[in-house]
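To start, the structure itself, in structure tokens.
Where a number appears in this text, it was derived from the coordinates with a stated rule and is not lab data. A quick note: this is a predicted structure, and the numbers were derived from the prediction, not measured. Neighbour counts run over all protein chains shown; Cβ positions are idealised from the backbone, glycine included.
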Amino acid sequence: MWQSFLQIHSLQISLLRVTVCSMEQESLTQLIQTGHQDYSQALEEQALELGISVIRERNKLKLTRPIELLSEEKIRSTLKRPVNLELFWSIDSTNSYLMNSTDPFMGYRVCLAEQQIAGRGRRGRTWVSPFGDNLYMSIARRFKRSTTDLGGLSLAVGMQVAKALRQCGIQQIGLKWPNDIILGQGKLAGILVEISPLVADEFNVVVGIGVNTRFRDEDAKLIDQPFSTLEGIMDLSRNDLAGNLINGVLEGLDSFARDGFASFYPEWDKFNLYAGKKVFVHLGDSIISGQDAGIDLGGNFKLKTEDGIRIFNAGEISLRVE
Ligand code: BTN
């Protein structure tokens, strides 16, 4: 019963809230919170359905590794201001949820999920989002601006996420234009900013953030680009991380709503990992090489080539460093 509930409702986007609402869900929550539970086949199937690794030891079912569930109470204890916070066990995509919502709202809506079954990345990619690992979070806010004024917003969010991660102690964080969060040789976090018109000059802006904390080998195999995780680098609570990221992003969005990209522009060099380095711009089928010459006032990428500076926007190119 639980399984079909899970499948049906996760396809319908929402509904698996962290609140315990049935015996089955309670057993599963107990299993995750305590690490073990009396064995039942139904419980084992529920765990496997969610991609939770378990083993049976005599009459007990045990987690093969601990999971820290998302907790509204813990996240709120870090938040600097009230927000509308929604937590889900399983959802198609936290970004889709907030993009498709017709709820009129003022202020901020924040949505987090333990698992996304259709997590989305930039440029039509899939964002691998297994249960209980990593952070999948979206933040929605109304903006009273024209779309062109929103140029640079995705860079500004990237800078706020990088700042928040540094404040959490991960100093080596840097950015690859426009907003890939890089740690070591791979991507630690990605940001997907989506905008939909509401009324007149108002927009619903949804900022989606995925941070890799750890992956099981079978999930890691599904990722099609070099990535990094926090495992072995920093033992950071997912709830603390979520709270700190929300604080940082909300502060950034308020600043952007007030002053646009102007206050972020001078900070770019503090985060840009490839300043002055040789890079390759992939534009359709062609590849243009040159030197990373930073950004312009609108957050567009500047490439120094033999023919002079060329400017590209985030929608048209993908930047590679080798
Ligand atoms: C990227 O490709 O770099 C952007 C990845 C964004 C992933 C996050 S996870 C939470 C939110 N929901 C989604 O479906 N995508 C974003």
Under 24 Å from Lys221, Cα to Cα: lysines that are on another chain or at least 8 residues apart:
Lys176, Lys187
Please say if region 116-198 is rounded, prolate or oblate, where rounded means a/c under 1.5 for a ≥ b ≥ c the square roots of the C-alpha gyration tensor eigenvalues, and otherwise the choice is prolate for a/b larger than b/c and oblate otherwise?
oblate
Given axes a ≥ b ≥ c from the Cα gyration tensor, I'd like to know whether region 204-299 is rounded (a/c under 1.5), prolate (a/b larger than b/c) or oblate.
oblate
Relative contact order for region 108-221, counting Cα pairs under 8 Å that sit 6 or more residues apart, in percent:
29 percent
Round to the nearest 10 and give me the degree value, 0 to 90, for the angle of helix 41-50's Cα axis relative to the longest principal axis of the chain.
0 degrees
Over the chain, the sum of -39500 (n - 2.57) across DSSP H runs of at least four, divided by residue number and rounded to 500 deg cm²/dmol, gives at 222 nm -8500 deg cm²/dmol
What order do you get for 287-294, 107-114 when each peptide is scored by the mean count of other beta carbon atoms within 10 Å, highest first?
107-114, 287-294
Evaluated at q = 0.07, 0.13 Å⁻¹: base-10 log I(q)/I(0), Debye formula over Cα of the chain:
-0.30, -0.97
